[in-house]
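Notes follow the structure.
The values are calculated or read from the model by the stated rules, or taken from the named source; none is laboratory data. Keep in mind it's a predicted model, so treat the numbers as computed, not measured. Neighbour counts are summed over all protein chains in view; Cβ atoms, including those assigned to glycine, are modelled from backbone coordinates with ideal geometry. To get the accessible areas, we keep the full protein, side chains included, count just its heavy atoms, and leave off ligands, DNA and RNA. Shrake-Rupley method; radii C 1.70, N 1.55, O 1.52, S 1.80 Å.
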Amino acid sequence: MSMWQEYSIGLLLVFIAAAIAFFALVIEKDDLHRLLLLDLVEVPSLGIIALLGTDLAEALILPGLVVGIAELLALSQIYVTKEGLRERKVQGLNIEVIQADAPLIISVLLICYGVILSGFTGGGVAGLGVVFYFMARGHREHFELLEMASGISWAIWIFAFFVFMFIPEYWLLALFMAAIGILLKVIVKMSLVGTMWGDGNG
Amino acid sequence: MGMDNPGGIPYFILEFGDELVYFSPYTVSLFILALVFTLFAVIAKPERQVDIVFGGDAFYAKETSLAELKFRRFMAIACGFASMGAMVTGDLFNFTLFISLVGICNVGIVAAVKNRHVQNAAYQYGIVALSATVPLFGAAALIAATTGTLSMVELWSNASLAVPLVVKALLVLGVMGEGMAPFYAAKAEMFRAPGAPYVIMCSLSSLLIFLRVIEVVLVI
Amino acid sequence: MIGYLLFAVTFGLLLLGIHRKAIARIQRRPGPPVWQEILHMLKFSFKSTWIPATASDTLFVGVVLVAIGIWSAALFVLLAGGSILIIFGIYMLHKIVEHGFGLSSGSPYGKFGGVRSVISAASEIPLFVSVAVVALYTQSLDISSIIQYQNVHGPLLFIVPLAAVAMYLVILSKMPFGPFSIVESKELVSGYKTEHFGVWRAGLQVSNGLKTYVLLFLFITVFMGGIPLWWTLAGMVVLTLSLSFVCALSPMLSPFDSVTVQMVITGIMVVYAAVLGVFA
Amino acid sequence: MTKKKDILRALGLLTGAIMLVGLILQQGGILPLAGYEAVLVVCFPIFVICVFLWWMAREHGEDIPFIGY
């Protein structure tokens, strides 16, 4: 009963948040501001799912989040094209500390720790390390290589799921494969962020 | 517990654990239509829209560039796949995901057109589609919270599971926001974008998901 | 079944011919003979035909096939006593077909016809409401169960007259020369079918015949019950004549007015359904 | 041009034959009615259009010029 009460209170709060966000969206006239407000609208929808508070909720938030981010990215692309902002040069980051050697050490530590953690979280940590590495060292276009690594790791991940489904006796192997697959996948995807600062400037 | 077999008796139900797909006469016919129009999008060359001066003789045909064609064809095919998935899925959360995918693809199909009016319409529509994910995902989560399952077959066969009317209304509201052609006037502007087989996917997918959500609401 | 299909095409076109003749006589014109629409179908099929240079080729041809296909499917569902929801779905998809006809050619006239067809989608909601009201009484969406129900309780026409009116308006909005047929209005030449000439138009005539047959048959079946075929056909003729009177005596609305009127009707129907849902 | 017409005629004959075979099988009780109807929904539109395209007028040759009433 008390759980149900907590759920209802949480639901009420989320709906109030959604109502405020929608109200803001209605009175805001500037397109860019509306785009930013949309994120505020998006969060309550994830909140409603999160309120379930079960494993299922965790499994549902991820696709919901991905779809939401995809929509947001698509909309910002349209905004950029629509307002003719494409010609404007994007400035790369120029932070002195990052260009020193310290980030290299940090990135090695992060990668090692990430690999030990493995799985999704490990991928995140190690990915952060790779981001540091790219930011510190600059990069030549390794996109094809990264894409390939990402593709292969994804294939490993999917294959592991097939093992789970069809030959469950080998669950331990499948578990390791899935963990390594997702680790590589998340590392690669995050490292792409490190290489995405502006055009042509390393 | 909904009405008995609103879309006819299911031919068969395909289960991958919790993920299930079910084929009733209704879902199969909608699925086939989505498939047929997706095939059109794959093989058809785009139209060359003719603009005329009304009351005069002047006219010119717009050409679709190859890059634009490729992108829009990709989006149209993705949209076709998403609507095909939404037609036959038996899992409510997957259904909402497919519908939001249809929403993005609809925006993508028209956004490639380099025309300020069309882009504006696409942007405004995108804002509506994105904010419609709140009632859409909210409804799916609330159904899971009140009944403990997301499977349509479970909800349909188990008489003790009742989905509140408000939640059904939320689901319909979400679908309307994602792709309801008739209720979003700016989409008419989107439909004037050149490139027939691709633009037609917008209106097809929105009508299909509307038809499916009626069945879903009746079933659960 | 193939025989029945051909009969449905012919009879549907005959009904459209009767429609034209009746309108002409009401307006004190001689009018074409009643089999004119059948002759039209044959005449168009002999005409030299190609695909316009600006058209999207596959869609241009494919949409004709889809138009005939969906309405033959609707006829079979209707005859088999299947779910009324499927027919409703096919009716909605006819909108896509109209849109496809209009858009595939690249012609601005066709395009405007297609866009008008999309904005007048409000005319579909009364059909959904009348389906919902019928389902409220019969507790099923299967046409066979609806017929069963009427065998016991008498025709639904007298039980839920307003639902019948709603469906009548839906059929009216699909009849040519009616107050709501803005998609085919004359300032757009022939609306969505402007660019479909020759054989393509003949195919469109086939699907139009089927469509008329299915919609009128559906009305008689849902609101009068399973009466013998001859009586059904007679009922369809009477229904067509009543539609002709409405079409002949009312002006075509402007697109904006047409959509507004349809929205008002939809609103009234939704309220009616809600009231019935609460008190029934 | 004639080649195109031959293809169309062949396609028309093919779909017509499929419908005929479907009818025979259905009458013989081998094919269920729903299956026969599915065959018809697919084949009937193609058959109609092919027959029309096959018997339609030639695309070349002189047109009769309009000389007024």
note = Contact order relative to length for chain C, counting C-alpha pairs under 8 Å separated by 6 or more residues, stands in percent at 31
task = Starting from the residue with the highest accessible area, list B:TRP156, D:TRP55 in decreasing order, probe 1.4 Å.
result = D:TRP55, B:TRP156
message = Checking the cross-link filter: which lysines have an alpha carbon closer than 22 Å to that of A:LYS82, excluding same-chain neighbours under 8 positions apart?
response = A:LYS29, B:LYS62, B:LYS70, B:LYS114, B:LYS187
ask   = What translational D, rounded to a whole number of µm²/s, comes out for segment C:20-67 from Stokes-Einstein when the hydrodynamic radius is the Kirkwood one over Cα pairs, at 25 °C and 0.890 mPa s?
value = 182
key: Sequence of C:THR194, C:THR260 when ordered by accessible area, the most exposed leading, probe 1.4 angstrom   = C:THR260, C:THR194
key: Cβ-based net charge around C:ILE265, under 15 Å, with every Lys or Arg adding one and every Asp or Glu removing one   = -1
task = When a/c is below 1.5 the answer is rounded, else prolate if a/b is larger than b/c, else oblate, so apply that to segment A:24-84 with a ≥ b ≥ c taken from the square roots of the Cα gyration tensor eigenvalues.
result = oblate
request  = With 5 Å bins from zero, work out the P(r) of segment C:2-279 over every alpha carbon pair and list the percent per bin.
outcome  = 1, 6, 12, 16, 19, 18, 14, 8, 4, 2, 0, 0
inquiry  = Could you work out the pair-distance distribution P(r) of segment D:2-55 from its alpha-carbon pairs, with 10 angstrom bin width and percents rounded to whole numbers?
reply    = 29, 43, 22, 6, 0
Net charge contributed by nearby residues that have their C-beta within less than 14 Å of D:PRO45 (K/R +1, D/E -1) = 0
inquiry  = In the protein assembly as shown, if the dipole is taken from +1 on Lys/Arg beta carbons and -1 on Asp/Glu beta carbons about the Cα centre, which of B:ILE209, A:LEU172, C:VAL165 is farthest to the positive end?
reply    = C:VAL165
query = Hey, what number do you get for chain C at 222 nm if only DSSP H runs of n ≥ 4 count, each worth -39500 (n - 2.57), divided across all residues, to the nearest 500?
reply = -25000 deg cm²/dmol
Per-bin percent of Cα-Cα distances, segment C:160-216 [5 Å] = 5, 17, 20, 24, 18, 9, 4, 3, 1
message = Rounded to the nearest 20 debye, what is the charge dipole size of segment A:2-82 about its Cα centre when +1 sits on each Lys and Arg Cβ and -1 on each Asp and Glu Cβ?
response = 220
Unpaired by the 4.7 Å Cβ criterion, cysteines found in the protein assembly as shown = A:CYS112, B:CYS202, C:CYS247, D:CYS43, D:CYS50
task = Please average, across the residues of B:110-117, the number of beta carbons from any other chain that are within 10 Å of each residue's own beta carbon, and give a whole number.
result = 2
Burial order of peptide ranges A:27-39, C:152-164 (average beta-carbon count within 10 Å, highest first) = C:152-164, A:27-39
key: Per residue convex hull volume, Cα atoms of segment C:1-105, in Å³   = 145
note = In Å, the Kirkwood estimate of hydrodynamic radius for the protein assembly as shown over Cα pairs equals 28.8
message = Under 8 Å for C-alpha pairs, at least 6 residues apart: give me the relative contact order for segment C:128-232, rounded to a whole percent.
response = 35
ask   = Hey, how much of the P(r) for segment C:46-203 falls beyond 25 Å, as a percent of Cα pairs?
value = 38
request  = Return the average number of partner chain Cβ atoms within 10 angstrom of each residue Cβ along peptide A:49-62.
outcome  = 3
inquiry  = Using a 7 Å offset from the Cα along the Cα-to-Cβ direction at both A:ILE20 and C:TRP35, what is the distance between the two label points in nm, to one decimal?
reply    = 7.6
query = So which of C:LYS193/D:LYS3; C:LYS95/C:LYS211; C:LYS47/D:LYS5 end up more than 19 Å apart, counting from Cα to Cα?
reply = C:LYS193/D:LYS3
query = Can you list residues whose amide H is under 5 Å from B:LEU20's amide H, if they're 5+ apart or on another chain and H is modeled 1.01 Å from N?
reply = B:GLY90, B:ASP91
task = Note down, for segment C:190-274, the three equivalent ellipsoid semi-axes (square root of 5 times each alpha carbon gyration tensor eigenvalue), biggest first, whole angstrom.
result = 25, 24, 13
ask   = Considering amide H positions built from the backbone, and no H for Pro or chain starts, which residues 5 or more places from C:SER83, or on another chain, come under 5 Å of its amide H?
value = C:ILE143
task = Arrange the peptides C:213-220, C:250-257 so that the one whose residues have, on average, the most other Cβ atoms within 10 Å appears first.
result = C:213-220, C:250-257
request  = For peptide A:68-77, compute the average count of partner chain beta-carbon atoms within 10 Å of each residue's beta-carbon.
outcome  = 5
message = Leaving ligands and nucleic acids out of the surface, order A:LYS189, C:LYS174, B:LYS114 by accessible area at 1.4 Å, largest first.
response = B:LYS114, A:LYS189, C:LYS174
ask   = In square angstrom, rounded to the nearest 10, how much accessible surface does A:PHE132 have for a 1.4 Å probe?
value = 60
key: Per-residue HN-Hα couplings for segment C:245-260 [Karplus 6.51, -1.76, 1.60; θ = phi - 60°; Hz; x = Gly/Pro]   = 4, 4, 5, 6, 9, 10, x, 6, 6, 6, x, 4, 5, 4, 5, 4
ask   = Any idea of A:GLU169's accessible area? Nearest 10 Å², probe 1.4 Å.
value = 130
